[in-house]
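The values are calculated or read from the model by the stated rules, or taken from the named source; none is laboratory data. Predicted model only: the values in this text are computed from it and were never measured. In this analysis, Cβ positions are derived from the backbone assuming ideal geometry, glycine residues included, and neighbour counts consider all displayed protein chains. For the accessible areas, the whole protein counts, side chains as well, though only heavy atoms, and no ligand, DNA or RNA atoms are used. Shrake-Rupley method; radii C 1.70, N 1.55, O 1.52, S 1.80 Å.
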Amino acid sequence: RTAAQVGRLLELFADHHAPATGQNPLAPDAAAPAPSERAPFSILQGSLSSGFVAPSFPFAAVTEDEVFAKPARRHLRHDGKAATFLSSLDDVNAGDYVVHTHHGICRYRGLRRLTVQDCDSDYLVLEFAGRDKLYVPLDRLNQIHPYRAGEHPAPRLDALGGTHWAKTKARVAKHIEDMTDELVDLYANREVVTRQPYQGDPLLSHEFDAAFDYDETPDQLTAIDDIHRDLQRPRPMDRLLCGDVGYGKTEVAMRAAFHAVQTNRQVAVLTPTTLLAQQHYDTFARRFAPFPVRVAVLSRFQRPKDVTALLTDLAAGVIDILIGTHRLLQDRVRFHRLGLVIIDEEQWFGVRHKERLKQLRTHVDVLTLTATPIPRTLHMAFTGVRDLSVIDTPPPARLAIRTQVVRFHPTLVRDAIRRELARHGQVFYVHNRVETIERTGRWLREMVPDARIVMAHGQLNAHALEAVMLRFLRGDADVLLSTAIIQSGLDVPRANTILIDHAHTFGLAQLYQLRGRVGRAGEQAHAYFLFPDDAQLSADAQRRLTAIREFAELGSGFRIAAADLEIRGAGALLGKQQSGNIAAVGFDMYMRMVQDAAQRKRGAPVEEDIDPTLHLNVSAFLPDDYVENDHHRLSLYKRLSACRTTGDLEFLHEETRDRYGPPPPPAERLFEVMHLRLLAGKLRLESLDATNGAVTLTFPSTTPITPARRDYLTRYAEDRLRFLSPVSCEMTMPHESWPAVAAEAAVILNGLLEAGAGADAATATDTAPVAGAAPSPGVSSR
């Protein structure tokens, strides 16, 4: 069905010594070989419901599904949207607190258009202590971050030109250094411990991959490649695989497990609930059935003598893959040669279990699957301590769940259940209090007497709970009234309405997981988050409910996790001291400081952002009648300043054109200005001046103009060039109109970048320095 599958099948046929080609033997082609020289098999990309035989040719067509004896392949759309991890300025309102990288905490007072030297542009207005104002040009927006600190009182404003901010940053930096020492030490053993790289059988791997029922999404293929690279290295893997419910994380995990089993290593799959363990067992057993792999499950549903026999086989190495809950971490569970641990939704494990997992991470490979990574896990991924892969492509026909956060009302509950039953669907009703769940069940039966209602909670014995769940899964019940026991793993395609009672008492990740129980098929799903009419919601509860309502689109798992990190604060997981540090500098600034510190601890270079000063004689801004909404304008300005490549800039230019129409001249000039700023930043210029018919370039005092770049400028500009100092030069422009100046300046900057790259390559083989590299100040070069 895809070019990748064609290539995979060609390799499989070659491995089996069956000559095959990718050419169509029936296509009229004068250069085609004679029939006697043709390969007996041709593998072509196409779409057939089934194979057929054409005796008159003679010719037979066989579909891939028939070759591997599997059901028809389903296709996934590739329209995923990357989630945003950290906050941006697009949700900042006038009066909100923000952080200026160099000057500290202040208030954002809106956008203001100013005329400076006869040129118009928009500026961010920031207010500091004493009502001092700072006007920030558009090319410096990357210095501004939202101020987030969770449940903390309003911060004090810093003074422009004061020393308080510098002292605060230094204090927080010292605490971060101490914290990252501990954080990196947690994973230092993983860097020094070695194991034999995984070396599987390519033939078996191809066969296992080809048996997948779907076309892999680009995100899945990237994650699979990431994991394969990890397993082929000599150090243990510790990778976090993030993706929403149903996005294909399990398939990626099964391919990792297959590699481990091929290398004669055992695999442990840890799940938070017995129900999810059973579901994973069914999936793994079905997927591994054609291969010599034994899959087993350890659960409380099993008899003691069966558990004893299973553990004996496990210790003897007879079992290749064992799936279960935290019981797998018990001392009596002994593996013969454990190589890979797959953890599904780590956030639901207790502290004691996480300590055991921490010990495992030092000597076995670990792959953690999650839809909403816990703040600490997300924090470590952000800092680069853990490796991260993301799957954000939704499955086919998946619709965003319609989410309502509403006060509890009996009529709303009754109508929601009846609407779902009218379309022959099923309903989850979550009531997370075992002591009152029976009373709630009686009330539901009175409200909807024609509904078949069953009840499930953790205090039921194993067999009773299994019977209730199976009844609901088979469709013999309409409403499942349960505690939060259903939050992980239950897959009921017909259940497309969920009502969550007392939603304000749940954590944000819990709410997101519960909502993920519905909308797993092509039907429009509905989620109702109910809170009592008389409830006095705390500020955190309000923020959680607001977040779950706002982040309702597909692929919101990371935004939920980031919001959870902002609400709870990394300090809730790293200690009160860190919470105070977040309050001192704001969440975004704190995260960036931690990232830099963690990189330095790991020996990775940390390059400071270069913000060249631009002096350009041009009016560049987004007119009010082009982008009318202030939030949208600010968001576009922020995205422009965040572009790191010309490709990013071109993409944003096209997106803006599609969204708002052809850019008017000031907007077009803005993109040109940002292009010059991007090139100047890559050159690490200190300033770029394009006024009075000339372009002046100034490098930092520590990096004079190199001989290669001096030669380029001399050749390009000839008698229009004048060196002003060892670090600066001036070129007169042949035309003074802005479009001509912008185009000429872009050519010069690109040429300097290429000259610098060439000089770097030459320096690698040069042994003698060049004398007199820079001319004397003020000397004109001809």
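From the residues in segment 426-462 that are among the small types (Gly, Ala, Ser) and touching a strand residue (DSSP E or B) at 6+ places or on another chain (Cβ under 9 Å), which one is farthest from Thr483 (Cα to Cα)?
So, considering only residues that are among the small types (Gly, Ala, Ser) and touching a strand residue (DSSP E or B) at 6+ places or on another chain (Cβ under 9 Å), the one farthest from Thr483 (Cα to Cα) is Ala451.
Output the residues belonging to segment 507-523 that are part of a loop (DSSP other than H, G, I, E, B), modelled with pLDDT under 85 and either open to solvent by 10 Å² or more (accessible area, probe 1.4 Å) or among the β-branched types (Val, Ile, Thr) (or both).
Gly507, Gly516, Arg520, Ala521, Gly522, Glu523
Name the one entry in Leu275, Leu322, Leu340, Leu328 that is surrounded by 20 or more Cβ atoms within 10 Å (Cβ to Cβ), touching a residue at least 24 places away in the same chain (Cβ under 8 Å), of a type outside the set (S, T, N, Q) and touching a His at 6+ places or on another chain (Cβ under 9 Å).
Working: Leu275 fails: touching a His at 6+ places or on another chain (Cβ under 9 Å); Leu322 fails: touching a His at 6+ places or on another chain (Cβ under 9 Å); Leu328 fails: touching a His at 6+ places or on another chain (Cβ under 9 Å).
So the residue among Leu275, Leu322, Leu340, Leu328 that is surrounded by 20 or more Cβ atoms within 10 Å (Cβ to Cβ), touching a residue at least 24 places away in the same chain (Cβ under 8 Å), of a type outside the set (S, T, N, Q) and touching a His at 6+ places or on another chain (Cβ under 9 Å) is Leu340.
Return the residues of segment 246-264 that are of a type in the set (Gly, Ala, Ser) and modelled with pLDDT of 90 or more; say none if nothing qualifies.
Those that are of a type in the set (Gly, Ala, Ser) and modelled with pLDDT of 90 or more: Ala253, Ala256, Ala257, Ala260.
Listed residues Glu718, Glu730; which is of a type in the set (Asp, Glu) and without any contact (Cβ under 8 Å) to a residue 40 or more places away in the chain?
Glu730
Mind checking whether some residue in segment 439-456 is of a type in the set (D, E, K, R) and modelled with pLDDT under 85?
no
Out of (1) in contact with a strand residue (DSSP E or B) (Cβ under 8 Å, 6 or more places away or on another chain); (2) open to solvent by 50 Å² or more (accessible area, probe 1.4 Å), what's the single condition that is false for Asp226?
That leaves (2) as the condition not met.
Could you tell me which numbered condition Phe57 fails, if it satisfies all but one of (1) at pLDDT 70 or above; (2) more than 38 Å from the chain's Cα centre (by Cα); (3) open to solvent by 90 Å² or more (accessible area, probe 1.4 Å)?
(1)
Among the residues of segment 650-708, which ones are within 10 Å of Pro612 (Cα to Cα) and either of a type in the set (Phe, Trp, Tyr) or free of Cβ contacts under 8 Å to residues at least 24 places away in the same chain (or both)?
Hit for segment 650-708 is Phe699, nothing else.
Need at least 2 residues that are open to solvent by less than 80 Å² (accessible area, probe 1.4 Å) and β-branched (Val, Ile, Thr) per element, so show me which strands (runs of 3 or more DSSP E) inside segment 424-490 make the cut, counting only ones lying wholly within it.
Details: elements: 426-430, 453-456, 479-482.
In segment 424-490, 426-430, 453-456 are the strands (runs of 3 or more DSSP E) which contain 2 or more residues that are open to solvent by less than 80 Å² (accessible area, probe 1.4 Å) and β-branched (Val, Ile, Thr).
Based on this model, can you work out whether Arg720 counts as surrounded by 20 or more Cβ atoms within 10 Å (Cβ to Cβ), of a type outside the set (A, V, I, L, M) and over 28 Å from Leu114 (Cα atoms)?
For Arg720, the condition - surrounded by 20 or more Cβ atoms within 10 Å (Cβ to Cβ), of a type outside the set (A, V, I, L, M) and over 28 Å from Leu114 (Cα atoms) - is not met.
Provide a single number: the residues in segment 469-519 that are free of Cβ contacts under 8 Å to residues at least 12 places away in the same chain and within 30 Å of the chain's Cα centre (by Cα).
Result for segment 469-519: 0.
What about Arg107, is it out of contact with any helix residue (DSSP H, G or I) (no Cβ under 9 Å at 6 or more places or on another chain), of a type outside the set (A, V, I, L, M, F, W, C) and surrounded by 16 or more Cβ atoms within 10 Å (Cβ to Cβ)?
On the way: out of contact with any helix residue (DSSP H, G or I) (no Cβ under 9 Å at 6 or more places or on another chain): yes; of a type outside the set (A, V, I, L, M, F, W, C): yes; surrounded by 16 or more Cβ atoms within 10 Å (Cβ to Cβ): yes.
Yes: the conditions hold for Arg107.
Right, Leu622: hydrophobic (A, V, I, L, M, F, W, C), surrounded by 19 or more Cβ atoms within 10 Å (Cβ to Cβ) and part of a helix (DSSP H, G or I) or not? Step through it out loud before you land on a result.
On the way: hydrophobic (A, V, I, L, M, F, W, C): yes; surrounded by 19 or more Cβ atoms within 10 Å (Cβ to Cβ): yes; part of a helix (DSSP H, G or I): no.
Spelling it out, it is not the case that Leu622 is hydrophobic (A, V, I, L, M, F, W, C), surrounded by 19 or more Cβ atoms within 10 Å (Cβ to Cβ) and part of a helix (DSSP H, G or I).
Only one of Gly647, Gly661, Gly693 is touching a strand residue (DSSP E or B) at 6+ places or on another chain (Cβ under 7 Å), surrounded by fewer than 18 Cβ atoms within 10 Å (Cβ to Cβ) and among the small types (Gly, Ala, Ser). Can you tell me which?
Gly693
What single numbered condition from (1) at pLDDT below 85; (2) of a type outside the set (Ser, Thr, Tyr); (3) open to solvent by 30 Å² or more (accessible area, probe 1.4 Å) fails to hold for His504?
Single failed check for His504: (1).
Here are some residues: Arg402, Arg398, Arg386. Which one is within 33 Å of the chain's Cα centre (by Cα), open to solvent by less than 10 Å² (accessible area, probe 1.4 Å) and either modelled with pLDDT under 85 or of a type in the set (Lys, Arg) (or both)?
Every option except Arg386 fails the conditions.
Just name the residue that is modelled with the lowest pLDDT out of those in segment 182-208 that are farther than 21 Å from Val364 by Cα and open to solvent by less than 30 Å² (accessible area, probe 1.4 Å).
Ser205
Going by the structure shown, is Arg287 basic (Lys, Arg), touching a Lys or Arg at 6+ places or on another chain (Cβ under 9 Å) and open to solvent by 20 Å² or more (accessible area, probe 1.4 Å)?
Against the criterion (basic (Lys, Arg), touching a Lys or Arg at 6+ places or on another chain (Cβ under 9 Å) and open to solvent by 20 Å² or more (accessible area, probe 1.4 Å)), Arg287 does not qualify.
When you go through (1) among the small types (Gly, Ala, Ser); (2) open to solvent by less than 20 Å² (accessible area, probe 1.4 Å); (3) more than 16 Å from Val366 (Cα to Cα) one by one for Gly246, which number turns out not to apply?
Gly246 satisfies every listed condition except (2).
Looking only at residues in segment 328-350 that are more than 26 Å from the chain's Cα centre (by Cα) and hydrophobic (A, V, I, L, M, F, W, C), which one is modelled with the lowest pLDDT?
Keep residues of segment 328-350 that are more than 26 Å from the chain's Cα centre (by Cα), which gives 328-339.
Right, trim to hydrophobic (A, V, I, L, M, F, W, C) and you get 328-329, 333, 335, 338.
Details: Leu328: 86, Leu329: 83, Val333: 88, Phe335: 90, Leu338: 91.
Filtering first and then ranking leaves Leu329.
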